[in-house]
Structure formats: C-alpha cells, structure tokens
Amino acid sequence: MLDERTAPVPGLVARPYAGPADLPDAVRVKNAEWAADDVRARESVADLGAWWSHPSEQFDASRDVELVELDGRVVALIERSWADASDGVREYRCRGWVVPEVRRRGIGSWLLARNEAANRAMAATHDTDRPRVFELGTADTSVGGPIVVRRAGYAPVRWFADMERSLTDELPDIPPLPDGLEVRPATPDDAPAIWRADHEAFRDHWGGFDDSEASYRRWVESSEFQPDLMVVAWDGEEVAGAVLNAVYPEENEQLGISRAWLDSVFTRRAWRRRGLGRALIVRALHLLRERGYETAALGVDADNPSGAFGLYESAGFAVSERSTAWRKPMEEAR
C-alpha cells in the first residue's frame, strides 16, 4: 500500500479506524465535502456508527476505513468494500472524502491510489472467476471528483439521480391495490421478511450489495429502519412490495428542510406489472404528508429497465441531483 513517503503534502498520515471515538471526525469530513459540492445529504454519528460497528466479509471498518491526518487534524477519509454485481463483475469499491480547505493539493488522487492498492491486495486473497473492477461514484456537482477519476483511468458506466416532490402541493388520489393484496402496519418483527424481499427484488437491478447478517444489523440499528413509516403490501404472509420510508432529523436540521426519503421502493417479480408500485408510492406520499413533512425524496437508477424513472415522474417527482458511477478494470493482483 502507498505509504506517507508518497503523500503529496508533507505531514499527511493515514491510520486505521480506531473505533467510535473517530466517528465525529469522520462525519465532519463527509459533511464538509458534501457541503462544498452542494450535495444535499448529511451523515450522522449514530448512523455511521451503525454501519461501521458490524463487520462482514465485504466490509469491515477496522480493515477498510482509514482516517487521514494533517498536523494532527483529520482532513480526509477512506472507505473500501466489495460486492458481486448483477452484471457479472466483482466490484472493489473506492470511497474517499476530503475537507475543502486542503483540496487541489493532490490528496484526492493519493487517496484513490491508496484505495486501489488495498483493494488489489484484497482481491489477491479472493478466488473468483468474475472479472474484477474498481468502482466509485461522484456527484455531478463535484468539480474535482470527475477530473481525478478520469485521470486515474476510470470511465462512466451508469447514471443515477435524486428526485424530489413537494408534499404541500396536491397529491394524486390513492389508487386501489391489486386484487388479493393488503397494506397493513409494519412492525419490528416484520424486519427479516421485508429485508429478504427488498434484496430479492433488487437482484434484478444493476449493482450489487452485501446481504450478510452484519449488513442486516446495520440496517435495523440505523435511522433507515423506521417501521412506522413503511408502506408494505402483503399477499398473505408474503411481502409483495414496499416503500421503505425514513426521516433523518439531523440531516433536516443541518440543511434547514423538512424532508422524508422513500429509501427503497420495490416490487417483487411475481407481483410486477399490476400497478402495485404506483399504489404504494402514492400511499407513501399521503402518509408522509400526514406526518407533517414538506418534501419527499428518492434515489433512482436513471437506466433502470423497469421504467422507474417514468413512474416517479408520473407521481410528481423531478430530478434534484445527479451522480455518476465509474469503473476501471483491475489488472492482475500484484
């Protein structure tokens, strides 16, 4: 792995994640970069702690997270993970954040090279027939991010968008559910069934995910898990589809907004093409307005073959932010 002798700034030091005491600095770095890039997202200590406290084969914070210090202050952050993607490759994911006051000094490129070296070493321990690629994402509002990754040999492979709509405007009328389905309140006891259904539905979509028990624990211990805001359609005891809503109070407070997220919108294959997705989305919008929120947001794969983009537009959503996924083939592990 690249060491401090290669760092572009004298005194730059990378060290492994040392535990929960590092969380406030990690959150500060993430939020500073997002603010500088006009990304309307904010991290919280509680949610990052839930993510980093449950190690799995695909992500272990003690192995895959580094904090980068300059003169004793944390100024950058590295995070790595890997996943088998639906298009047949194994992705080795490279994530990095840099506070704006030390940008344009080569730190971002150094972080990326360091991530690649660590991921290449990880890949050398894996026995897989899948082609191996490096993967990362950049916000389209970022000026430096796309420049750094293009120089490093990455090419864009997929495009994503965040979409929003007002909840104070008139909402569509709630359509009926397909025959045989019902929506009933979700409880914490329903979590395993909802988790399995969500992951099964997204196996048809581009990308990959960690479906380990550790990843499940990250979900149920984070702000994403809010059963009282979920809209779940059941066919007997089977989950047919759902909209998993969540609200992030710290994010709303920092941004000065009142926003709720449709964090996951899915219909399992056997229940598709029957209008269930729209029926659940509209129910979610009405529920969130009843709870007093002013804006609803969601993320979407702009190339989704199921027509999700058009579905969301028909429900009143419009694009608010865009991002790009990039890949680069991994050479043989050294």
Original post:
How large is the accessible surface per residue of the chain, computed with a 1.4 Å probe and reported in Å² as a whole number?
Top reply: 46
Original post:
Tell me, in nm to one decimal, what length is gained between ARG104 and SER53 on full extension, where the rule is 0.36 nm per residue of separation less the Cα-Cα distance?
Top reply: 15.1 nm
Original post:
Stokes-Einstein D for the stretch 176-323 at 20 °C, 1.002 mPa s, Kirkwood Rh over Cα pairs, in µm²/s?
Top reply: 135
Original post:
Taking amide H positions as placed 1.01 Å from N in the peptide plane, with prolines and chain starts having none, which residues 5 or more places from TRP82, or on another chain, fall under 5 Å of its amide H?
Top reply: ARG93
**OP:** Net charge near MET230: determine it from the other residues with C-beta under 11 Å of the C-beta of MET230, scoring Lys and Arg +1 and Asp and Glu -1.
**Re:** -3
**OP:** Treating only the Cβ atoms of Lys and Arg (+1) and Asp and Glu (-1) as charged, compute the dipole magnitude of the stretch 253-314 about its Cα centre; round to the nearest 20 debye.
**Re:** 520
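Looking only at Cα atoms, what is the convex hull volume of the chain per residue, in Å³?
Per residue, the Cα convex hull of the chain comes to 134 Å³.
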Original post:
How much length is gained on full extension from SER62 to THR187, taking 0.36 nm per residue of separation minus their Cα-Cα distance?
Top reply: 41.7 nm
**OP:** Give, rounded to the nearest 20 debye, the magnitude of the charge dipole that the chain has about its Cα centre when Lys and Arg contribute +1 at Cβ and Asp and Glu contribute -1 at Cβ.
**Re:** 1060
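Mean separation of Cα pairs under 8 Å and 6+ residues apart, divided by the residue count of the stretch 1-52: what relative contact order is that in percent?
Contact order relative to length: 28 percent.
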Original post:
Based only on Cα atoms, what Rg/Rh ratio does the stretch 246-299 have, Rh being taken as Kirkwood's radius?
Top reply: 1.07
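Given Cα positions, please report Rg to Rh for the stretch 258-334, the hydrodynamic radius being the Kirkwood one.
1.11
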**OP:** For TRP206 paired with ARG291, estimate the spin-label separation in nm (one decimal), with each label point 7 Å from Cα along the Cα-to-Cβ line.
**Re:** 3.0
Original post:
Based on DSSP H runs of at least 4 residues, each adding -39500 (n - 2.57), what is the mean residue ellipticity at 222 nm of the chain after dividing by all its residues, to the nearest 500 deg cm²/dmol?
Top reply: -9000 deg cm²/dmol
**OP:** Could you give the C-alpha radius of gyration of the stretch 7-162 expressed as a fraction of 2.2 N^0.38 Å, taking N as the number of residues it contains?
**Re:** 1.02
**OP:** Tabulate in residue order the Karplus-calculated ³J(HN,Hα) for the stretch 186-203, using 6.51 cos²θ - 1.76 cosθ + 1.60 with θ = phi - 60°, rounded to whole Hz; enter x for Gly and Pro.
**Re:** 7, 10, x, 5, 7, 3, x, 5, 5, 4, 5, 5, 4, 5, 4, 4, 7, 5
Original post:
Under a plain spin-label model, where a point goes 7 Å from the Cα along Cα-to-Cβ, how far apart in nm are ALA121 and ASP169?
Top reply: 5.1
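The values are calculated or read from the model by the stated rules, or taken from the named source; none is laboratory data. Please read these numbers as outputs of a predicted model, since none were measured by experiment. We place every Cβ from the backbone using ideal geometry, glycine too, and count neighbours over all the protein chains shown. For the accessible areas, the whole protein counts, side chains as well, though only heavy atoms, and no ligand, DNA or RNA atoms are used. Shrake-Rupley method; radii C 1.70, N 1.55, O 1.52, S 1.80 Å.
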